[in-house]
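Undergrad: Before we start, here is the structure in question, set down as structure tokens.
The values are calculated or read from the model by the stated rules, or taken from the named source; none is laboratory data. This is a predicted model, so every value here is computed, not measured. Cβ coordinates were reconstructed from backbone atoms using ideal geometry, including for glycine residues, and neighbour counts include every protein chain displayed. Note: accessible area is taken over every heavy atom of the protein model, side chains too, but ligands, DNA and RNA are not part of it. Shrake-Rupley method; radii C 1.70, N 1.55, O 1.52, S 1.80 Å.
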Amino acid sequence: MTHTAPPTLFDRSLLGRRRDRAAGSLPDYNFLAQRAFDDMGDRVASVMRDFDRAAILGGGPGLTASAAASELRSKVGWWCQSDLSASVTAGLGGPALALDEESLPFASESLDLVLAPWGLHWTNDLPGVLVQINHVLKPDGFFACALPGGSTLTELRQCLMAAESELTGGAAARISPLAGTFDMAALLQRAGFAMPVADVDRITVRYDHIFALMADLRGMGETSVLGDRPRKPATRSLFARAGQIYAERFSDPDGRIRATFEIVHAAGWAPHPDQPRPKRPGSATHRLADALGVTETSLGEKAGR
């Protein structure tokens, strides 16, 4: 049976170059990855066990200097960080690897913990990457990730489409498709993780104008690397008109514009025989009505039949 390769949605070579370009200023713009990593640190801290060996995939500089990282260090014996960009990796300090998340170099069952605070949204085969991560985890190893969700930059997406349609009669894809909460929980389950969970952290960031927002995205290394992106660069007139629409639709009384960032958190465990399992349907030995102390009524009786 032949297997069809996943579509190439993103130009990862271009992503690497964008990360290289942003490496020097990334610490000043890395607030989303830092927020995601801090949240992960709290989640790992709440797990009632320690981890011998861990890998942090992506996220960039500054993460391990936070208060959340200090708490994490008390639970993790050794960790390494990584990034697609060798320039970013060089500034991480401590054990660090330049690697492609689509082809992980770790041996099977070699890690107890994998954290991916930012970057998996740029992988062309996210389900395949999740399978690889499950493969490198020891049984009962823990995985947590964060990536931008579907509502991220919804204002910018709407304004660019409206402006381009107005100026050219059509609109090209300029912001990548993003996963939702239920998508991530389902993907983890599909990749073989046990007890998958997902939730959302929504943030509103205010800017003076659209060009300040675009500067932040460039500083993060998060501008579009869509494979089918328009090869002709967007004109300043497009962004100027989009900025006008943005100010009309999404500005506060003080004139500043709002940008939504949605961080989808997901986590799961590498399977282990001792993990709790859901009971087989129909195997219950006690009625819910008895536990609640109420009288059980059939649907037919409720309908008066």
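Undergrad: Note down the relative contact order for the chain as a percent, whole number, built from C-alpha pairs under 8 angstrom at least six residues apart.
TA: On the way: 523 pairs, mean separation 63.0, N = 305.
Once divided by the residue count of the chain, the mean separation gives 21 percent.
Undergrad: Can you compute the FRET efficiency between ARG17 and SER237 using 1/(1 + (r/R0)^6), with r the Cβ-Cβ distance and R0 = 30 Å? Round to the nearest 0.05.
TA: The calculated FRET efficiency here is 0.70.
Undergrad: Could you work out the relative contact order of the stretch 15-69, using alpha carbon pairs under 8 angstrom and six or more residues apart, expressed as a whole percent?
TA: 52 percent
Undergrad: Treating only the Cβ of Lys, Arg, Asp and Glu as charged (+1, +1, -1, -1), what charge dipole size does the chain show about its Cα centre? Round to the nearest 20 debye.
TA: 500 debye
Undergrad: So, by mean Cβ neighbours within 10 angstrom, what's the order for 8-21, 55-68, 95-108 with the highest one leading? Don't skip to the end; give the middle numbers.
TA: On the way: 8-21: 17.5, 55-68: 21.3, 95-108: 14.9.
The most tightly packed comes first, giving 55-68, 8-21, 95-108.
Undergrad: Also, quick follow-up: From the P(r) of the stretch 83-174, can you give the percent of Cα pairs sitting at distances over 17 Å? Don't skip to the answer; put the middle values down first.
TA: Details: 2643 of 4186 pairs.
Tail of the P(r) past 17 Å holds 63 percent of the pairs.
Undergrad: What's the FRET efficiency of ASP274 with GLU71 using the Cβ-Cβ distance as r and R₀ = 22 Å, to the nearest 0.05?
TA: That gives a FRET efficiency of 0.25.
Undergrad: Write down the Å³ per residue value for the convex hull defined by the alpha carbon atoms of the stretch 163-243.
TA: Once divided by residue count, the hull of the stretch 163-243 is 146 Å³.
Undergrad: To the nearest 0.05, how large is the calculated FRET efficiency for ASP140 and VAL205 if R₀ is 45 Å and r is the Cβ-Cβ distance?
TA: That pair, ASP140 with VAL205, gives E of 0.75.
Undergrad: Hey, another quick one. For the stretch 194-257 and the stretch 136-167, what is the centre-to-centre distance using only Cα atoms, to the nearest Å?
TA: 11 Å
Undergrad: Also: Quote the charge dipole size of the stretch 197-240 about the Cα centre in Debye, to the nearest 20; the model charges only the Cβ of Lys and Arg (+1) and of Asp and Glu (-1). If you can, show how the numbers build up before the last one.
TA: Working: 7 positive and 6 negative charges, 72 e Å.
About 340 debye.
Undergrad: Taking 0.36 nm per residue of sequence separation and subtracting the Cα-Cα distance, how much length would be gained by fully extending the chain between ALA86 and GLN244, in nm to one decimal? Don't skip to the end; give the middle numbers.
TA: Working: separation 158, 0.36 × 158 = 56.88 nm, distance 3.83 nm.
Gain on extension, ALA86 to GLN244, equals 53.0 nm.
Undergrad: Would you calculate the separation in nanometres between label points at ALA45 and VAL131, each defined as 7 Å from the Cα along the Cα-to-beta-carbon direction?
TA: Label-label distance for ALA45 and VAL131, simple model: 3.7 nm.
Undergrad: Where only protein heavy atoms count, and the probe is 1.4 Å, what is the accessible area per residue for the stretch 128-197 in Å²?
TA: Ligands and nucleic acids excluded, the result is 41 Å² per residue.
Undergrad: Label points 7 Å out from Cα along the Cβ direction at PHE182 and ALA98: separation in nm?
TA: If labels sit at PHE182 and ALA98, their model points lie 4.2 nm apart.
Undergrad: A further question follows. Can you tell me which of PHE193, PHE261, PHE142 moves the most in a GNM of the chain? Springs connect C-alpha atoms under 10 Å apart.
TA: For the chain, modelled as a Gaussian network with Cα springs under 10 Å, the answer is PHE261.
Undergrad: Round to a whole number: what % of the accessible area of the chain belongs to carbon and sulfur, probe 1.4 Å?
TA: Summing carbon and sulfur atoms, their accessible area is 53 percent of the total for the chain.
Undergrad: One-quarter of the Cα convex hull surface for the stretch 1-159, in nm²?
TA: For the stretch 1-159, the mean projected area of the Cα convex hull comes to 11.0 nm².
Undergrad: Also, I was wondering about something else. Quick one: accessible area per residue over the stretch 1-90, 1.4 Å probe, rounded to a whole number of Å²?
TA: For the stretch 1-90, the solvent-accessible area averages 50 Å² per residue.
Undergrad: Still on this structure: Over the stretch 135-255, calculate the relative contact order: mean separation of alpha carbon pairs under 8 Å at least 6 apart, over the residue count, as a percent.
TA: On the way: 81 pairs, mean separation 42.4, N = 121.
Computed value for the stretch 135-255: 35 percent relative contact order.
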